[in-house]
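The values are calculated or read from the model by the stated rules, or taken from the named source; none is laboratory data. If you're wondering where the values come from, they're calculated on a predicted model, not measured in any experiment. Because the Cβ atoms are built from the backbone with ideal geometry, glycine has one as well, and the counts that use them run over all protein chains shown.
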Amino acid sequence: MNKEFFEALDLLEKERHIPKSYMLEKVEAALTAACKKEMGTTNITVVIDPEKMDMKVYRKYQIVAVAEDPATEITKEGIEALEKQYHEAGMKLKTRSRKRSIGSDYEYELQPKEFRRLSAQNAKQVIIQGIREAERSYQAREYEDKKGEMLSAIVTKVEDSTGNVVVDTGISQAVLLKAEQIPGEKLRVDDRIKVFATQVNSGEARGPLVSLTRVHPNLVKRLFETEVPEINEGVVIIKNICREAGSRTKIAVYSRDSEVDAVGACIGNKGARINAVVNELNGEKIDVIPYSDDMAEYVKASLSPATVKSVELENERSAKVVVDADQLSLAIGKMGQNARLAAKLTGCKIDIKSL
């Protein structure tokens with residue numbers, strides 16, 4: 001332990017917000033485990049003193065009348081022999097306790113020369129691992145608050161072989177898998193993007209710390225919450241949303257204030273608000289639909305941008321829709337996409353016919 005080690009911990013606390021005390025606990029635990037392995041016994045304790053900037057290793061025995069287990073028990077005669085051994089070697093035996101009565105604990109400090117097999121490189125790896133575990137635990141706690149939320153990220157690396165990209169979320173580096181990217185988008189280093197955190201791998205288990213995506217419908221929801229103050233304030237409510245990433249999204253909105261137009265609020269002046277969302281989603285088409293408790297009206301609006309002539313409800317979850325002949329392909333959409341998204345949005349089976 002030296003001054004540089006503790007300065008490094010101070011720097012980590014400042015830059016990565018990992019408490020120094022937490023990291024010291026991890027390092028103590030890691031070094032204790034390494035020393036136990038080195039000494040071949042379990043009665044080892046490592047104590048780090050950040051004030052004095054040093055580390056001490058203690059071996060603990062229980063004082064007994066007759067030592068049946070020499071690894072963990074010692075007699076008064078054994079203590080005297082140990083002190084004599086240290087004296088003859090020109091070293092002073094330092095202890096943590098003064099009691100020498102039967103049943104008491106006896107701890108003495110081990111000297112560095114007693115760790116011949118524990119190389120400096122191994123000790124370094126133990127410390128690094130302890131700090132990594134501390135950092136991961138801290139990041140997991142930070143991400144736990146971000147689960148189900150949108151994060152701003154910067155692309156730091158693009159893997160040509162897999163198409164995966166590495167991003168910096170401000171908490172840590174994370175991987176955005178190719179399958180979780182918007183189809184057709186080409187991300188480049190230094191691109192600033194929005195991602196949605198779907199899952200957090202808390203604790204110290206292996207695997208990705210956080211799962212990120214750009215294809216989840218809730219990413220669109222969070223983008224509208226950011227761009228539309230009326231949604232953020234709770235005046236305009238997003239009732240439902242369905243999405244086929246990279247192609248089209250339909251979002252149903254409702255206003256709690258009769259003087260506020262929900263659809264107009266989402267579109268914004270000259271389309272400024274919706275265009276900001278579309279640009280973030282790489283040009284994905286977005287249909288903002290007025291929600292209605294009247295299922296016929298809701299189905300009619302959900303088939304936007306097609307114009308619907310009439311809607312006949314067969315039951316609560318099935319509707320027959322009639323459109324002009326020139327609107328049929330628009331209502332159904334390419335490969336049935338528009339009708340499919342409308343059905344998902346309304347939860348109603350839609351049968352479309354032309355006049």
Tell me, yes or no, whether the range 56-70 has at least one residue that is surrounded by 14 or more Cβ atoms within 10 Å (Cβ to Cβ), out of contact with any strand residue (DSSP E or B) (no Cβ under 9 Å at 6 or more places or on another chain), modelled with pLDDT of 80 or more and not charged (D, E, K, R). no
Among residues of the range 245-262 being in contact (Cβ under 8 Å) with a residue 40 or more places away in the chain and surrounded by fewer than 19 Cβ atoms within 10 Å (Cβ to Cβ), the residue nearest to ALA339 (Cα to Cα) is ARG248
Return the residue satisfying two criteria in turn: it lies in the range 1-23 and is assigned to a helix (DSSP H, G or I) and either of a type in the set (Phe, Trp, Tyr) or within 26 Å of TYR106 (Cβ to Cβ) (or both), and of such residues it is modelled with the highest pLDDT. PHE6
Filter the range 15-53 down to the residues that are of a type outside the set (A, V, I, L, M) and closer than 24 Å to LEU82 by Cα and list them by number. THR32, CYS35, LYS36, LYS37, GLU38, GLY40, THR41, THR42, ASN43, THR45
Would you tally the residues in the range 204-235 being within 13 Å of ILE274 (Cβ to Cβ), of a type in the set (Val, Ile, Thr) and surrounded by 22 or more Cβ atoms within 10 Å (Cβ to Cβ)? 2
With criteria (1) under 33 Å from the mean Cα position of the chain (by Cα); (2) buried (at least 17 other Cβ atoms within 10 Å of the Cβ), MET39 comes up short on (1)
Look through the range 125-160, keep the residues that are closer than 18 Å to ILE193 by Cβ and among the hydroxyl-bearing types (Ser, Thr, Tyr), and return whichever of them is surrounded by the most Cβ atoms within 10 Å (Cβ to Cβ). TYR143
